[in-house]
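The values are calculated or read from the model by the stated rules, or taken from the named source; none is laboratory data. Everything numeric here is computed off the predicted structure, so don't read it as measured data. Please note: Cβ atoms are built from the backbone with ideal geometry, for glycine as well, and neighbour counts cover all protein chains shown.
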Amino acid sequence: MTPPKPEPRADRVSLLAYLRLFRRDILSAQPARLYRAWMAEFRTPFFRSYLCNDPALVRRVLDERPADFPKSRRVTEGLLPLLGRSVFVTNGEEWLHQRRIIDPAFEGGRLKEAFPAIWAAGEAAVARMVPGEVEVELAASHAAADVIFRTLFSLPIEDRVAQAVFQEFRAYQRSAPILNLAAFLPLPGWMPRFHRRATLRSARVIRGLISGLTADRAAAIAAGRAPMDLATKIMTTPDPVTGVPFGTEEMVDQVAIFFLAGHETSASALGWALYLLATHPEVQERVAAEVAGLRPEFGTMGGLRFARDVFREALRLYPPVPMMVRENRKDEEFRGRQVKPGAQVVISPWHLHRHERIWDRPDEFDPDRWAGEGREAARDGYLPFSSGPRVCPGAGFAMLEGTLLLAHLVRAFRFQAVAGKVPVPVAHLTVRARDGIWLRVERR
Ligand code: HEM
């Protein structure tokens with residue numbers, strides 16, 4: 001069974017029709033040729049955008065000269081009310097300063113310290129799941145939010161404040177504009193964008209709750225009774241270059257992005273991974289056999305090779321962040337075409353991961369490819385966590401989390417597809433199913 005893929009649009013449509021499609025969903029707004037092309041140019045009255053699938057171009061933008069391709073303001077603008085000046089939206093010196101403080105908290109050795117909290121979240125996800133017909137995207141969101149609260153603030157999702165933040169994030173997601181929409185709108189960059197009232201209200205509530213959490217933590221650190229979790233680590237690490245740690249407001253900005261980037265993305269990937277296993281029962285049984293010996297110690301991860309490849313393959317077919325948008329500062333030449341400064345440069349994991357000239361059977365779910373040719377194709381066409389200095393700082397954490405949550409769930413339950421309920425991928429803040437992912441769940 002070939003996993004669901006959005007219907008592409010016709011090759012030529014008017015700008016107005018394109019925008020209408022775009023409003024609905026950026027994935028189905030694209031033509032099928034983008035799965036074969038190395039580059040595509042889109043012209044609007046005010047700017048041009050270039051979707052780059054050519055691996056050499058992708059490397060230039062992300063790895064070789066990232067400072068010449070900062071994050072596009074058109075994209076980050078929609079998130080400002082919630083994220084303030086978080087590491088996700090800043091550029092230049094301010095961004096460098098933030099990464100110097102954040103990166104050490106996610107170093108390899110620290111992942112081991114996060115293991116018990118992620119394990120506990122896995123057990124809690126199993127305990128919460130009631131057999132029957134289950135919307136697993138919601139269950140995955142719950143589990144991923146639990147992971148982030150436990151690892152960041154040593155709080156389970158049942159905590160009153162954690163619950164409130166989780167619910168408010170759901171409201172935010174329903175009201176917020178699609179992340180990448182503004183990048184393609186043919187409006188001049190100087191035109192102000194308006195945020196919906198509901199979006200602004202949700203953002204205010206979330207930031208208020210997070211301010212409370214960080215103030216409590218600052219007091220606990222000062223009193224010498226803070227748990228050694230990610231929040232404490234980040235709040236007590238000074239920038240090694242300037243010696244300055246995060247201020248209170250700056251920390252609220254960073255916590256907001258950890259919640260958003262850390263829980264939405266992982267939840268999206270876990271939901272799709274469960275759907276892929278439900279529709280490939282033989283693969284699911286191989287995972288079940290592997291996870292039978294799961295142990296509550298970090299060393300158990302070494303025995304989860306196949307579960308990890310399943311998660312990797314889910315990230316290939318349904319990359320939670322489908323597209324990333326940058327802006328070129330200088331004159332560039334892209335595959336023989338002159339590109340003026342200010343163009344929107346789109347790197348699309350969605351298209352790269354299914355590119356017909358990079359991958360063999362690109363639309364098929366085949367976790368075994370990761371033990372063979374997949375690794376080679378991945379060098380040119382696999383970017384679920386981006387690449388270069390702006391790579392996701394949570395990548396290692398997310399691979400550990402995804403594999404372990406999957407292991408817990410498959411050890412306890414068997415997942416089956418529900419007839420007539422085929423999820424349609426759409427890109428909201430992350431790649432989600434239009435009407436959720438419904439699966440039949442039974443205890444093993
Ligand atoms: C499966 C899970 C995840 C996926 C697929 C993912 C993917 C990504 C991608 C593609 C970017 C780059 C976006 C861009 O440049 O436009 C990114 C950035 C980021 N991610 Fe993740 N992420 C995941 C989990 C996490 C987790 C668990 C955390 C933290 C706890 C996290 C924190 C961040 C932060 C702070 C950034 C901004 C980095 C910067 O701009 O310098 N992510 N992520």
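Inside the range 389-444, can you point out the residues that are part of a helix (DSSP H, G or I) and in contact with a Gly (Cβ under 7 Å, 6 or more places away or on another chain)? Walk me through how you get there before you give the answer.
Let us first name the residues in the range 389-444 that are part of a helix (DSSP H, G or I), namely 389-390, 395-412.
Once the filter is applied, which keeps residues that are part of a helix (DSSP H, G or I) and in contact with a Gly (Cβ under 7 Å, 6 or more places away or on another chain), the range 389-444 yields Gly396, Leu404, Leu405, His408.
Summed over the range 62-89, residues that are farther than 15 Å from Pro393 by Cα and polar (S, T, N, Q) total 2.
Can you tell which of Ala378, Ala407 is within 16 Å of the ligand (Cβ to nearest atom) and over 27 Å from Pro70 (Cα atoms)? So that I can check it myself, show each step before the final result.
Numbers: Ala378 fails: over 27 Å from Pro70 (Cα atoms).
The unique qualifying residue is Ala407.
Out of Leu62, Leu57, Leu27, one residue alone is surrounded by 18 or more Cβ atoms within 10 Å (Cβ to Cβ), within 30 Å of Pro8 (Cα to Cα), at pLDDT 95 or above and more than 13 Å from the ligand (Cβ to nearest atom). It is Leu57.
Put simply, of Phe365, Phe415 the only residue that is crowded, with 20+ Cβ neighbours inside 10 Å, closer than 26 Å to Leu51 by Cβ and at pLDDT 95 or above is Phe365. Number of residues in the range 94-120 that are away from the ligand (no atom under 13 Å from the Cβ) and either surrounded by 16 or more Cβ atoms within 10 Å (Cβ to Cβ) or among the aliphatic types (A, V, I, L, M) (or both): the value is 3. Does Pro45 satisfy the criteria of being at pLDDT below 95 and closer than 30 Å to Asp146 by Cβ? Criteria not met by Pro45.
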